[in-house]
Amino acid sequence: MKSSQKTVTLHDVANYAGVSYQTVSRVINNHSSVAEETRKRVLKSIAELNYRPNRAARSLVTNRSDTIAILSFGTAFYGPGQMVSNIMQHAKNNGFRVSPSSLQQLGDKDVKAAIDELHELLIDGIIMIAPIVTDFMSEIGELAGDIPFIQIDTKPKPGIASVVIEQAHGSKLAVEHLIGLGHRQIAEISGPMNWYDAIMRHQSWVDTMAQHRLPHHMSVEGSWSAKSGYEGVQSLLNGGAEFTGLVVANDQMALGAIAALNEHELRIPEDVSVVGFDDIPESAYFLPALTTIHQDFEALGEQAVDYLVSLIKSPNTPVHQRVLYPELIIRNSTASVK
């Protein structure tokens, strides 16, 4: 049997609250020109009547859907996954829904197809998480057309609407922390060198070591996984590398690296000091607790949404890049050279 319950309308709320329907509309749209007592009365009426705004009708009036699209790649890894999670939370806090799309490939056809599909929908803005090096990312803004668009987790670059964390600064903090503890033989396990973050962290390791006139040949490439960190240490040691400090491009690989060092009966930090990158929640509970570089993904998500909302509401907002800086978290996996 079909329910005979009548759909509650905006006019019903207005009558119930004893205000005009324009006032109800202003409250729903969080307009500032509503007295606080009136706002409370309308919100109470909305709750008691179980009113649900008709988004479709609203979008016809405002030409907006209050929906942000996220196009992302690599969300199985900690960093991109955290970015999406925090963007969704802050978008919700700003009254926006989120339409996430996880790209399995980052080829030009895949990205173009995804953006073409968004043009068929009423999307207010796009946030792109594309951490892989490609030769067509400069075209993405043109593909987005009149849809406000920003990138995150990309290479710091002027003239592009983006929010990034300064990876080179984080890597420099890690290396200089070890140098400050007296380490002069410092090895590295980098991330995959087709990722922007991995390239910038590795180059910063090279540059910082060179600035201190220290050798920088002890480097192997990992794949962000704990297994690759384990294999990286095995490769270094089996190749005859001698080091007292180890910089690892993410905490997952650091976990594997610690396991391999333990197998070789090298004590941490007495024999080898280890620094990770990301500050995943588990890193404080490694044995020993991991010194690492903290990336504020919550602030990244907040800044990304804030910037995109500015572009949506004020199309003349200047195009720029917002840069956040990571910080060193010192725990028990690093110590002075004995």
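The values are calculated or read from the model by the stated rules, or taken from the named source; none is laboratory data. These figures come from a predicted structure and were not determined experimentally. Here Cβ is always computed from backbone atoms with ideal geometry, including for glycine, and neighbour counts include all displayed protein chains.
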Open item on the list: Condition check: in contact with a His (Cβ under 7 Å, 6 or more places away or on another chain) and modelled with pLDDT of 95 or more. Does Glu327 satisfy that?
Closed with: yes
Open item on the list: Can you report the number of residues in the range 215-231 which are in contact (Cβ under 8 Å) with a residue 40 or more places away in the chain and under 21 Å from His183 (Cα atoms)?
Closed with: 1
TODO: Among residues belonging to the range 148-206 that are of a type in the set (Ser, Thr, Tyr) and closer than 24 Å to Ala257 by Cβ, point out the one that is surrounded by the most Cβ atoms within 10 Å (Cβ to Cβ).
DONE: Ser171
TODO: Being among the polar types (S, T, N, Q) and in contact with an Asp or Glu (Cβ under 8 Å, 6 or more places away or on another chain) narrows it down to one of Gln185, Gln203, so name that one.
DONE: Gln185
- [ ] Scan the range 207-254 residue by residue and report those that are surrounded by fewer than 17 Cβ atoms within 10 Å (Cβ to Cβ), farther than 22 Å from Phe286 by Cβ and among the polar types (S, T, N, Q).
- [x] Gln211, Asn238
- [ ] Give me a count of the residues in the range 46-66 that are at pLDDT 80 or above and out of contact with any helix residue (DSSP H, G or I) (no Cβ under 9 Å at 6 or more places or on another chain).
- [x] 2
Task: Selection count, the range 262-317, where residues are surrounded by fewer than 22 Cβ atoms within 10 Å (Cβ to Cβ), among the acidic types (Asp, Glu) and touching a residue at least 60 places away in the same chain (Cβ under 8 Å) - done: 5
Task: Residue satisfying all of: in the range 120-160; modelled with pLDDT of 75 or more and more than 19 Å from the chain's Cα centre (by Cα); farthest from Ile312 (Cα to Cα) among these - done: Ile123
TODO: Say whether the condition of being closer than 30 Å to Leu311 by Cβ, within 16 Å of the chain's Cα centre (by Cα) and in contact (Cβ under 8 Å) with a residue 24 or more places away in the chain is met by at least one residue in the range 170-190.
DONE: yes
Task: Residue within the range 74-94 that is among the β-branched types (Val, Ile, Thr), at pLDDT below 75 and assigned by TED's automatic domain parsing to the domain that holds Pro315 present - done: yes
